[in-house]
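The structure appears below as structure tokens.
Nothing in this text is a laboratory measurement; each read-out follows from the coordinates by a stated rule. Keep in mind that what you see is a predicted model, and the values were worked out from it rather than measured. No Cβ is skipped: glycine too gets one built from the backbone with ideal geometry, and neighbour counts run over all protein chains shown.
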């Protein structure tokens, strides 16, 4: 059982380049989330998708876009990368749109923007 | 709105000693509370959760946490630290109808276990 799979694991971008982070889950979860993790700041929610076909902004959505491609897949796009977007990105999923069921996290994508 | 505060960004304990990681929450609605653990270069793994049932919650790897509404706390404890417990620990909160989709995380506490 793979759980939540994120690709790539590592990426280096130049300022202004674009890229898409991929996330897929095989647990038939309805809800999916993108977080970024920065030292001393914990995890901050970028975007989430409560169910297939819906997406909403989290705490720090600026500079990002998302697509819920189907129930399994939720991608995060950086249209024009900036050094401030250097971070570790985590995708997560949950059974329902209520987090009392707990989240399952992927292993992360470490992104460096130079 | 919900938030959590983790007191102490770094905690060091000797192997075999008590582990106590502190978390205080703020919530305008009855909260659901979680502790997650992150080992180096890995994602977050759920340790335990409080969802309004028993106030003392037992989790994996011998950890437990007690929900204290009067103190707005959800501290994580383990009676005897093991070397394998060295990791970063995150407290998180959600709850109620508003923002039920979102987990709000603390800034984390890095636990070091000294042999």
Which residue fluctuates the most in chain A, going by a Gaussian network model with Cα springs under 10 Å, if the choices are A:39, A:83, A:61? A:39
Between the alpha carbon centres of the range A:52-72 and the range B:39-71 the gap in Å comes to 28 Å
Approximate spin-label separation residue B:80-residue A:7, in nm, with each point projected 7 Å along Cα-to-Cβ: 4.5 nm
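Ranking request for peptides B:65-74, A:5-14: highest mean number of other beta-carbon atoms within 10 Å first, then the rest in descending order.
Values: B:65-74: 16.2, A:5-14: 13.5.
Top of the packing list down: B:65-74, A:5-14.
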Largest fluctuation, A:94, A:49, A:84 only, Gaussian network model of chain A with Cα springs under 10 angstrom, belongs to A:84
Distance from a point 7 Å along Cα→Cβ of residue B:15 to each backbone N in the range B:31-59: keep the residues under 20 Å and list them by number. B:39-40
If you project the alpha carbons of chain A onto their three principal axes, what span does each projection cover, largest first, in Å? 37, 28, 26
Report the percentage of all Cα-Cα pairs in the range A:61-114 whose separation exceeds 14 Å, rounded to a whole percent. 63 percent
Which of the three applies to the range A:1-45, rounded, prolate or oblate, going by the alpha-carbon gyration tensor with a ≥ b ≥ c and a/c under 1.5 meaning rounded? oblate
If you take the Cα Rg of the range B:2-115 and divide it by 2.2 N^0.38 Å, with N the number of residues, what do you get? 1.02
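In percent, what relative contact order does the range B:25-115 have, based on Cα pairs under 8 Å that are 6 or more apart in sequence?
Values: 165 pairs, mean separation 26.0, N = 91.
In percent, rounded to a whole number, it is 29.
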Shielding of B:102-111 by partners, i.e. mean partner chain Cβ atoms within 10 Å per residue? 5
Once you put a point 7 Å from the Cα of residue A:101 and another 7 Å from the Cα of residue B:107, both along the Cβ direction, what distance in nm separates them? 3.3 nm
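Over all residues in B:43-52, what is the mean tally of Cβ atoms on other chains that come within 10 Å of each residue's Cβ? Walk me through the numbers before you get to the answer.
Details: counts 14, 11, 2, 4, 0, 1, 4, 1, 5, 1.
Across B:43-52, the average partner-chain Cβ count within 10 Å equals 4.
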GNM on chain A, C-alpha springs below 10 Å: top fluctuator among A:15, A:104, A:86? A:15
For the protein assembly as shown, what's the radius of gyration and Dmax over Cα atoms, in angstrom? 17.5, 51
